[in-house]
Amino acid sequence: MPTEIEKIRRRFSAFRLPLAFFDGPGGTQTPDTVIEAISDYLRTSNANHGGLFATGRRSDALVELAHEAAGAFLGADAGEVAFGQNMTTLNFSLSRAAARDWQAGDEIICTTLDHDANISPWLELAHDKGLTVHLVDVDDDCRLNLEHLRSLLSERTRVVAFTWASNALGVVNPVAEIAAMAHEVGALAWVDAVHYAPHGPIDVRAVGADVLLCSPYKFYGPHLGLAFGRRELLETWRPYKVRPADNNPPGHRYETGTLAHELLAGFVAAVDYLGEVGWEFILERERALGQRFLDGLPSQWKLHGPATMDGRVATFGLTSETEAPAAAAERLGNAGYAVWHGDNYALEIMKRLQLPDGVVRVGILHPNTEAEIDGLLAELAR
Ligand SMILES: Cc1ncc(COP(=O)(O)O)c(C=O)c1O
């Protein structure tokens, strides 16, 4: 009898490659059902939307289905989500729409833990409009310093932009608490859930997010970006769009041009995959695999960030005094272990930790096996 994890792994052709994937934070592999959904759409339904013929109708139905799946995935209404090229592009565009009437002297709070995709859009706005950007610092264990955040909040704060989980160190932020702090001064809670999305369920209403972004290619889907915006905001902001494009539902106002329909088909299959595996299984398994990694980490490797699995996901940023991150990643890659190296676009935390070469990043996900982790630990020990 195959075990649960063997059954899961058989769903991915990619896992037949002689490579252990610890590069999930850069992008996950896709189950074959996602690949088939993409090619099936192109074989049977390929058309622009709005066509009064069979493939046009099937495309319209798919676009609607993908928005419904996205809404259900995020705990939102189907009309409150927008697909885009990737998270970064959506974030530049949404932040621009949100800030059309902001004034010089308005303030934005970003964090030291964020990926640059949730910092640079605000820096660029600040550059154009004379806004001030503050950066929330971290504590010694690399958790966000909420007292510092509190001290930065004021009636000029328009947005608190923060990540749900750090893509470099795996730290998970108390999202609902931070959102509530933002709301106390009338600011928007603008959440980057890209790194968190493959690791646990998202409910935008439960955490009080005003805007939340993620990237389906980080949770077993194709290369796409996905954004949620609270209905009133999406309806109020003036989007950068062409005049004939749909205004209804409001999420569509932020989708420019023709969507990548075939990838929407893949997205629906990815959400189905996650539903079949289930968050309970994923949470329990990743915690156990992460603990196994932490228990076996050779002493020459320094872990940056929380030392236990509490308040973190199984993404680990490591440095060694004797091997630079790029050299280690290359050595591990040659031995059959895909890990990432460098700053992983998390520039601020690397500056704060004085790590100009960044870290070796090991990302563990539920399809990883115990044997892969033990093999990686043995390679790290060399
Ligand atoms: C935490 C986080 N935010 C944002 C991004 C940017 O995502 P995208 O490639 O979809 O623009 C990444 C990508 O690595 C990420 O890890």
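For segment 310-324, a residue qualifies if it is under 18 Å from Pro367 (Cα atoms) and aliphatic (A, V, I, L, M), and the qualifying residues are Val313, Ala314. When Val159, Val171 are checked against the criterion of being under 22 Å from Val360 (Cα atoms) and buried (at least 24 other Cβ atoms within 10 Å of the Cβ), Val171 stands alone in meeting it.
To keep it simple, each residue is scored yes or no on (1) of a type in the set (A, V, I, L, M, F, W, C); (2) assigned to a helix (DSSP H, G or I); (3) under 20 Å from the mean Cα position of the chain (by Cα).
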residue	(1), (2), (3)
Ile109	yes, no, yes
Leu113	yes, no, yes
Pro121	no, yes, yes
Ala126	yes, yes, no
His148	no, yes, no
Ala161	yes, no, yes
Ala168	yes, no, yes
Ala176	yes, yes, yes
Ala182	yes, yes, no
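Checking each residue in segment 96-129 for being farther than 21 Å from Pro174 by Cα, touching a residue at least 40 places away in the same chain (Cβ under 8 Å) and among the small types (Gly, Ala, Ser) picks out Ala97, Ala98, Ala99, Gly105.
Of the residues making up segment 213-254, those that are surrounded by 24 or more Cβ atoms within 10 Å (Cβ to Cβ), part of a loop (DSSP other than H, G, I, E, B) and within 13 Å of the ligand (Cβ to nearest atom) are Ser215, Phe219, Gly221, Leu224.
Tell me the residue from Asp272, Asp310 that is touching a residue at least 12 places away in the same chain (Cβ under 8 Å) and under 22 Å from the mean Cα position of the chain (by Cα), please.
Numbers: Asp310 fails: touching a residue at least 12 places away in the same chain (Cβ under 8 Å).
That would be Asp272, the only listed residue that is touching a residue at least 12 places away in the same chain (Cβ under 8 Å) and under 22 Å from the mean Cα position of the chain (by Cα).
Go through Thr132, Thr112 for me and flag whichever is surrounded by 20 or more Cβ atoms within 10 Å (Cβ to Cβ) and assigned by TED's automatic domain parsing to the domain that holds Asn91.
Thr112
Against the test of being away from the ligand (no atom under 16 Å from the Cβ), of a type in the set (Asp, Glu) and closer than 26 Å to Asp101 by Cα, the options Asp210, Asp203, Asp192 yield a single qualifying residue, Asp210. Within the bounds of segment 74-90, is there any residue that is surrounded by fewer than 18 Cβ atoms within 10 Å (Cβ to Cβ) and more than 28 Å from Val271 (Cβ to Cβ)? Looking through segment 74-90, none of the residues is surrounded by fewer than 18 Cβ atoms within 10 Å (Cβ to Cβ) and more than 28 Å from Val271 (Cβ to Cβ). Is it true that Phe316 is outside any helix (DSSP H, G or I) and not charged (D, E, K, R)? Here the answer is yes, as Phe316 does meet what is asked. When we screen Ala346, Ala328 for residues that are touching a helix residue (DSSP H, G or I) at 6+ places or on another chain (Cβ under 9 Å) and within 30 Å of Ile202 (Cα to Cα), the only hit is Ala346. If you go through segment 41-73 and keep only what is closer than 16 Å to Val271 by Cβ and of a type in the set (D, E, K, R), you end up with Glu64, Glu68.
Restricting the first member to segment 222-251 and to residues that are in the same structural domain as Gly75 (by TED's automatic domain parsing) and within 17 Å of Leu212 (Cβ to Cβ), and the second to residues that are surrounded by 16 or more Cβ atoms within 10 Å (Cβ to Cβ) and among the basic types (Lys, Arg), the beta-carbon pairs closer than 8 Å and six or more apart or on different chains are Leu234/Arg253.
Looking at His127, His148 in this structure, which one is more than 17 Å from Val191 (Cα to Cα) and touching a strand residue (DSSP E or B) at 6+ places or on another chain (Cβ under 6 Å)? After ruling out the rest, the residue left standing is His148. Give segment 242-272 a look and list any residue that's in contact with a helix residue (DSSP H, G or I) (Cβ under 6 Å, 6 or more places away or on another chain) and not small (Gly, Ala, Ser), or say none. Scanning segment 242-272 gives Asp246, Asn247, Pro249, Pro250, His261, Glu262, Leu264, Phe267, Val268, Val271.
Quick check on segment 112-134: of everything there that is aliphatic (A, V, I, L, M) and more than 16 Å from the ligand (Cβ to nearest atom), which residue is nearest to Leu152 (Cα to Cα)? Within segment 112-134, the match that is nearest to Leu152 (Cα to Cα) is Val133.
Ser154: more than 13 Å from the ligand (Cβ to nearest atom) and assigned by TED's automatic domain parsing to the domain that holds Gly221, yes or no? Yes.
When you look at Ser59, is it part of a helix (DSSP H, G or I), more than 28 Å from Pro121 (Cβ to Cβ) and either in contact (Cβ under 8 Å) with a residue 24 or more places away in the chain or among the hydrophobic types (A, V, I, L, M, F, W, C) (or both), yes or no? It is true that Ser59 is part of a helix (DSSP H, G or I), more than 28 Å from Pro121 (Cβ to Cβ) and either in contact (Cβ under 8 Å) with a residue 24 or more places away in the chain or among the hydrophobic types (A, V, I, L, M, F, W, C) (or both).
The values are calculated or read from the model by the stated rules, or taken from the named source; none is laboratory data. This structure is a prediction, so every number in the text was calculated from the model and none was measured. Note that each Cβ is placed from the backbone with ideal geometry, even for glycine, and that neighbours are counted across all protein chains shown.
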